[in-house]
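Q: The structure's right below; bear with me while I get my questions together.
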Amino acid sequence: MGLNNSQYQTIIREYEQKQFRSRDILSRHYTEVYERLPQLKSLDESISILSVQYGKRLLGGDDTAVDSLKKELAILRKNKEDLLKSAGFPADYLELSYECPECKDTGYIGNKKCRCFKKAVSHMLYEQSNLKEILKKENFNTFSFNYYSDNFIDPKSDRSSLAIMKDAFAACQDFVHTFDDQHKSLFLYGDVGVGKTFLSNCIAKELMDAGFSVIYYSAPSFFNMLAQSTFQKNAADSQNIYEYIFDCDLLIIDDLGTEFTNSFVTSQLFTCINERLLGKRSTVISTNLSLDSLADLYTERSFSRITSNYIMLKLIGDDIRIKKKLMNREGL
């Protein structure tokens, strides 16, 4: 799931529409105010004339005149503000309003994409997948500990699957609550069907609702997208895709190990992990692999980066999908 050039242009058009709506609202505000306060129109004309004079003197290097004009402008603008207030209008009623004051609804702050742009990207990608519907069903509010048992014991830690999951659940909630300050990353591993993807979805929904940009990939689609953008050489799409992978607030790679692994995959995984760690960008990776298999498949460098920098959460238990079927059959 990667943003292509067409999708990028769609988001840009949405920003253009936002700017158009803001200008239209401002135009209606001016019409309303001028009808109620004709004297304000004259005041605006005086400000406009004085501003032109100010600009000319500034270019001409006339410092004394510039200071004088600056003071006159300040007085006229204060008179305008007082006049608006006296008629019951807000002081900023004749200023452009923005959905995002940081980028002024352009999507960019300088040459850098604004946070609101990244959020728009993640929402578009989720809208065009089935994940939006999944997140309605799989989130912290719908999570249940009923599928984890006190009797299922991990022989290495001598702890039950229920105790382990309660700790993992708390760690995921803490990950969300401290997300903006601590830049943590999570590695969820364990057998099939123990809740790794469910927890990833819980995190994704909370952070998206909080306004962060979240990009989700299954491991096969993630590496397939990277291969296409690398070898098909569509410059615009490749640039967008790589930018979102390295720059989104949270990247989720689900089911690592289900892809066809080769030297390209191992090198791309290391690059992604390393770049996001250096950029203090959080990542959540889930896998059915054991840690030994992880080291064998993805090189010691990747293994070292993950185990040294990620919070490692091992989950154990019965396959929940099978357990649900049994519970439904028994009418529990």
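The values are calculated or read from the model by the stated rules, or taken from the named source; none is laboratory data. Quick caveat: nothing in here was measured; it's all calculated off a predicted structure. Virtual Cβ from ideal backbone geometry, glycine too; neighbours counted across all protein chains shown. Side chains are part of the model used for accessible areas, which takes the heavy atoms of the whole protein and leaves out ligands, DNA and RNA. Shrake-Rupley method; radii C 1.70, N 1.55, O 1.52, S 1.80 Å.
Q: Consider L59 carefully, then state whether it is surrounded by 13 or more Cβ atoms within 10 Å (Cβ to Cβ) and either in a helix (DSSP H, G or I) or touching a helix residue (DSSP H, G or I) at 6+ places or on another chain (Cβ under 7 Å) (or both).
A: Numbers: surrounded by 13 or more Cβ atoms within 10 Å (Cβ to Cβ): no; either in a helix (DSSP H, G or I) or touching a helix residue (DSSP H, G or I) at 6+ places or on another chain (Cβ under 7 Å) (or both): yes.
The answer is no for L59.
Q: Still on this structure, please answer the following. I need the full set of residues from segment 303-316 which are surrounded by 15 or more Cβ atoms within 10 Å (Cβ to Cβ) and in a helix (DSSP H, G or I), in order please.
A: Hits for segment 303-316 are F303, R305, I306, N309.
Q: Residue check, N139 against (1) in contact with a helix residue (DSSP H, G or I) (Cβ under 9 Å, 6 or more places away or on another chain); (2) under 26 Å from Y8 (Cα atoms), all met but one. Which one?
A: (2)
Q: Let me ask something additional. Starting from residues that are of a type in the set (A, V, I, L, M, F, W, C) and part of a helix (DSSP H, G or I), keep the ones in segment 131-150 and report whichever is nearest to I322 (Cα to Cα).
A: Step one: list which residues in segment 131-150 are of a type in the set (A, V, I, L, M, F, W, C), which gives 131, 134-135, 140, 143, 145.
With part of a helix (DSSP H, G or I) added as a condition, the list becomes 131, 134-135.
Working: L131: 22, I134: 19, L135: 21 Å.
Step by step, filter segment 131-150, then rank; the result is I134.
Here is a yes/no grid of residues against (1) polar (S, T, N, Q); (2) in contact with a helix residue (DSSP H, G or I) (Cβ under 6 Å, 6 or more places away or on another chain):
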residue	(1), (2)
V194	no, no
F198	no, no
N201	yes, yes
E206	no, yes
D209	no, no
F212	no, no
S218	yes, no
S221	yes, no
T230	yes, no
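Q: Let me ask something additional. Looking at E243, E300, which is the one that is assigned to a helix (DSSP H, G or I), of a type in the set (D, E, K, R) and within 27 Å of M124 (Cα to Cα)?
A: Working: E300 fails: within 27 Å of M124 (Cα to Cα).
Every option except E243 fails the conditions.
Q: Being aliphatic (A, V, I, L, M) and within 16 Å of L251 (Cβ to Cβ) is the filter; apply it to segment 149-190 and report the residue that is surrounded by the most Cβ atoms within 10 Å (Cβ to Cβ).
A: Pass one, segment 149-190, residues aliphatic (A, V, I, L, M): 153, 162-165, 168, 170-171, 176, 186, 188.
Imposing the further condition that a residue be within 16 Å of L251 (Cβ to Cβ) reduces the set to 176, 186, 188.
On the way: V176: 19, L186: 23, L188: 27.
The extreme case among them is L188.
Q: Just to be sure before I move on: is K132 under 21 Å from L277 (Cβ atoms), modelled with pLDDT under 90 and surrounded by fewer than 15 Cβ atoms within 10 Å (Cβ to Cβ) in the structure I sent? Spell out the reasoning first.
A: On the way: under 21 Å from L277 (Cβ atoms): no; modelled with pLDDT under 90: yes; surrounded by fewer than 15 Cβ atoms within 10 Å (Cβ to Cβ): yes.
It is false that K132 is under 21 Å from L277 (Cβ atoms), modelled with pLDDT under 90 and surrounded by fewer than 15 Cβ atoms within 10 Å (Cβ to Cβ).
Q: Picking from S122, S97, which residue would you name as being farther than 17 Å from Q17 by Cβ and not acidic (D, E)? Break it down into steps so the answer makes sense when it comes.
A: Working: S97 fails: farther than 17 Å from Q17 by Cβ.
Exactly one of S122, S97 is farther than 17 Å from Q17 by Cβ and not acidic (D, E), namely S122.
Q: Given (1) in contact with an Asp or Glu (Cβ under 9 Å, 6 or more places away or on another chain); (2) part of a helix (DSSP H, G or I), identify the lone condition not met by M225.
A: (1)
Q: Residues of segment 1-40 being more than 18 Å from F89 (Cβ to Cβ), of a type in the set (K, R) and open to solvent by 80 Å² or more (accessible area, probe 1.4 Å), which ones?
A: R13, R21, R23
Q: Answer yes or no as to whether L297 is open to solvent by 60 Å² or more (accessible area, probe 1.4 Å), under 29 Å from F212 (Cβ atoms) and either modelled with pLDDT of 90 or more or not aliphatic (A, V, I, L, M) (or both).
A: Numbers: open to solvent by 60 Å² or more (accessible area, probe 1.4 Å): yes; under 29 Å from F212 (Cβ atoms): no; either modelled with pLDDT of 90 or more or not aliphatic (A, V, I, L, M) (or both): yes.
No, not satisfied.
Q: Let me ask something else. Just one of T31, T10 is β-branched (V, I, T), within 30 Å of I215 (Cα to Cα) and part of a helix (DSSP H, G or I); which is it? Give the derivation first.
A: On the way: T31 fails: within 30 Å of I215 (Cα to Cα).
Unique residue meeting the criteria: T10.
Q: Residues that are over 14 Å from F222 (Cβ atoms), assigned to a helix (DSSP H, G or I) and modelled with pLDDT of 90 or more: does segment 277-290 have at least one? Outline the logic, then answer.
A: Looking only at segment 277-290, we keep the residues that are over 14 Å from F222 (Cβ atoms), and these are 277-282, 288-290.
When the remaining residues are screened for being assigned to a helix (DSSP H, G or I), the result is 277-278.
Okay, now just the ones that are also modelled with pLDDT of 90 or more, so 277-278.
The answer is yes, given that some residue of segment 277-290 is over 14 Å from F222 (Cβ atoms), assigned to a helix (DSSP H, G or I) and modelled with pLDDT of 90 or more.
Q: In the list F145, F175, F187, which residue meets the criterion of being modelled with pLDDT of 90 or more and farther than 16 Å from I316 by Cβ? First the steps, then the outcome.
A: Details: F145 fails: farther than 16 Å from I316 by Cβ; F187 fails: farther than 16 Å from I316 by Cβ.
Result: F175 is the single residue among F145, F175, F187 that is modelled with pLDDT of 90 or more and farther than 16 Å from I316 by Cβ.
Q: For segment 256-282, what are the residues that are crowded, with 18+ Cβ neighbours inside 10 Å and aromatic (F, W, Y)?
A: Once the filter is applied, which keeps residues that are crowded, with 18+ Cβ neighbours inside 10 Å and aromatic (F, W, Y), segment 256-282 yields only F270.
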